[in-house]
Amino acid sequence: MLGLKMATDPRWVNIVEDNIKEILIDHAFCEQKAASNAISMIVQYPHRPDLVSAMVEICKEEMEHFDMVHKKILERGFNLGFERKDPYVKDLNDYLKKNHDNSSRESHFVNQMLFAAMIEARSCERFKILSEQLNDKDLKDFYRMLMESEARHFMTFLRFAKKYSSTIDVDERWKTFLAYEASLMSKYGKEETMHG
């Protein structure tokens, strides 16, 4: 369903297990950024009521998830700390800016939707790995539950990219974006971060 062309390095989960604190903190900031992204979409596209409604729901879910992850952090005696940069997200953004014209509103919109869809897809894949392979039963169950909403968000962003595009072949753009994302995977999967 996700269409990702390269799986996460199977050793990633071992790296995560050695530093649960880092993955939880990084995950919390991922949820916060996803909520901020949904708010940004509402601000930019108020003339699309169905998109606004969907983004309100995503924002609420992402903030609920942030709260849940934050509680896990506190339960384990950790602190949230400060936001970190996400090189994976930067690589995706740079690719879309360089390879797909952003001068038209339609192209810019499609890029925004595909960017969000890709992050949700990879996060969903990572949550699945954590839900199946972590030794920590509490976190296994936690990530299983979160995985389903990530998949739903992924589908929502792809659906809007297709709905509001009349001149762009969204399927083709998504296909080339998936190929690029697969090429990135050789340098990711080596750190205890959600996309690292």
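Among the residues in the stretch 174-195, are any of a type in the set (F, W, Y), closer than 21 Å to F29 by Cβ and assigned to a helix (DSSP H, G or I)? Checking the stretch 174-195: not a single residue is of a type in the set (F, W, Y), closer than 21 Å to F29 by Cβ and assigned to a helix (DSSP H, G or I).
Could you go through the stretch 128-143 and let me know if any residue there is within 17 Å of E62 (Cα to Cα), touching a residue at least 12 places away in the same chain (Cβ under 8 Å) and not in a loop (DSSP other than H, G, I, E, B). Yes: one or more hits. One residue stands out among those in the stretch 78-117 that are among the aromatic types (F, W, Y) and part of a loop (DSSP other than H, G, I, E, B): the one that is modelled with the lowest pLDDT, which is F82.
When D9, D94 are checked against the criterion of being within 18 Å of the chain's Cα centre (by Cα) and either more than 27 Å from K187 (Cβ to Cβ) or without any contact (Cβ under 8 Å) to a residue 60 or more places away in the chain (or both), D94 stands alone in meeting it.
Listed here are the residues, each with its yes/no results for (1) within 25 Å of M147 (Cα to Cα); (2) hydrophobic (A, V, I, L, M, F, W, C).
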position	(1), (2)
L96	no, yes
E106	no, no
F115	yes, yes
R122	yes, no
R126	yes, no
D136	yes, no
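M185 - would you say it is aliphatic (A, V, I, L, M), at negative phi, buried (at least 20 other Cβ atoms within 10 Å of the Cβ) and within 16 Å of the chain's Cα centre (by Cα)? Considered against the rule, which asks whether it is aliphatic (A, V, I, L, M), at negative phi, buried (at least 20 other Cβ atoms within 10 Å of the Cβ) and within 16 Å of the chain's Cα centre (by Cα), M185 comes out as no.
Every residue, every condition in (1) buried (at least 17 other Cβ atoms within 10 Å of the Cβ); (2) of a type in the set (A, V, I, L, M), yes or no:
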residue: L74; (1), (2): no, yes
residue: Y88; (1), (2): yes, no
residue: N99; (1), (2): no, no
residue: H108; (1), (2): no, no
residue: M118; (1), (2): yes, yes
residue: F127; (1), (2): yes, no
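Checking E83, E17, E22 one by one, the residue that is in contact (Cβ under 8 Å) with a residue 40 or more places away in the chain and farther than 14 Å from M194 by Cβ is E17 and no other.
Out of (1) surrounded by 17 or more Cβ atoms within 10 Å (Cβ to Cβ); (2) touching a residue at least 40 places away in the same chain (Cβ under 8 Å); (3) within 24 Å of L178 (Cβ to Cβ), the odd one out for H70 is which? Going through the list (1) surrounded by 17 or more Cβ atoms within 10 Å (Cβ to Cβ); (2) touching a residue at least 40 places away in the same chain (Cβ under 8 Å); (3) within 24 Å of L178 (Cβ to Cβ), H70 breaks only (3). Cβ-Cβ distances below 8 Å connect the following pairs, each with a first residue in the stretch 146-162 that is closer than 16 Å to H65 by Cβ and without any contact (Cβ under 8 Å) to a residue 24 or more places away in the chain, a second residue that is among the basic types (K, R) and part of a helix (DSSP H, G or I), and a separation of six or more residues or different chains: M147/K128.
The values are calculated or read from the model by the stated rules, or taken from the named source; none is laboratory data. In this text the structure is predicted, and so the values were computed from the model without any measurement. When we count neighbours, we look across all protein chains shown, and the Cβ atoms used for this are built from the backbone with ideal geometry, even at glycine.
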